[in-house]
Amino acid sequence: MVYPRDHNVQGNRILNAISNADLALLQPHLEKVPLKLGQSLQSSNRSIRKVYFPESGIASVVAVANGKSRQAEVAFVGREGMTGLPVVHGTDRSPCDIFIQVEGNGHCIAAQKLRDALGQSISLLRCLLRYAHAFGIQINYTALANARGCIGERLARWLLMARDRLDSDEIILTHEFLALMLGVRRASVSEALQAFEKMGLVETARRSVTIMDREGLEECANGLYGPPEAEYERLFGCAEGR
């Protein structure tokens, strides 16, 4: 299999960013896989067996406590990234779950094969560590949003982040799901969406939200969206296709 090297939105940006030599280390072990709604990519406190590089769809990274009775989404992973960062950091597990919230496709590799490749290439390790840094910034801003953002600001940020990882302004989800991801009441999500709709920012249907005014949503996010995305582009915006 030859992995496509282009800036096609369907490609995984991490795999597009690594060198040809580093890609050659991974290629024999990359497997094309569907990413199905609700599919678990990583279970909390269990050894990671596979690492995923999504090409489409969205995975949620969820922090859990008290036997999963308390949960909160802390990050997204889409075509810009990968799962399995504990492997990159030299360990084999995390207390977080990762599951697919918007189905798509991607590639996966056995965790041990990735470790072997990292042991052979410092440039591959450095590239994946740069992504780990960008991922950490995303989590930092999730903490800022949860601590200081109102529901409207947090919802605007969530919708923008989801749109960045999809090929459509229409995001398929329910108010219940959004409430779960944001850790708020369903009624609060419905009220915020109604306010956005009156402002002409979105259109809502029974199981979907369609973004109508991206710039307006960015204003509503009030600084909670943008800095992590800018940091990612600083690190990877000129690196793809090398």
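The values are calculated or read from the model by the stated rules, or taken from the named source; none is laboratory data. The model shown is predicted, which means the values in this text are computed figures rather than measured ones. For neighbour counting, all protein chains shown are included, and Cβ atoms are generated from backbone atoms with ideal geometry for every residue, glycine included. Heads up: the accessible areas ignore ligands, DNA and RNA and are worked out on the full protein's heavy atoms, side chains in. Shrake-Rupley method; radii C 1.70, N 1.55, O 1.52, S 1.80 Å.
Taking a spot 7 Å from the Cα of Arg206 along the direction of its beta carbon, which residues of the range 153-195 have an amide N less than 14 Å from it? From the range 153-195, the list is 173-175. Any chance you could give the angle, 0 to 90 degrees and rounded to 10, that helix 227-236 forms with the longest Cα principal axis of the chain? Roughly 20 degrees between the two axes.
Roughly speaking, what is the stretch gain from Leu125 to Glu170, that is 0.36 nm per residue apart minus the C-alpha to C-alpha distance, in nm to one decimal?
On the way: separation 45, 0.36 × 45 = 16.20 nm, distance 3.57 nm.
This chain segment gains 12.6 nm when fully extended.
Taking every alpha-carbon pair in the range 79-211 and binning the separations at 10 Å intervals from zero gives 10, 35, 30, 18, 7, 0 percent.
Surface composition of the range 1-149: carbon and sulfur atoms hold 52% of the protein heavy-atom accessible area at a 1.4 Å probe. Remark: the chain carries 47 Å² of accessible area per residue (probe radius 1.4 Å; ligands, DNA and RNA excluded).
Gyration tensor analysis over the Cα atoms of the range 156-234 returns equivalent ellipsoid semi-axes of 20, 14, 13 Å (largest first, whole Å).
For the chain, the equivalent ellipsoid built from the Cα gyration tensor has semi-axes of 31, 19, 16 Å, listed from largest to smallest. Placing a label point 7 Å from the Cα of Asn45 along the Cα-to-Cβ direction, the residues of the range 70-88 whose backbone N falls under 19 Å of that point are 70-74, 86-87.
Under the simplified labelling scheme, the Asn105-Thr91 pair shows an inter-label distance of 3.5 nm, with each label point 7 Å from Cα along Cα→Cβ. The charge dipole of the chain, taken about the Cα centre with unit charges on the Cβ atoms of Lys, Arg (+1) and Asp, Glu (-1), comes to about 920 debye, rounded to the nearest 20.
The angle separating the long axis of helix 186-198 from the principal Cα axis of greatest extent in the chain is about 80 degrees.
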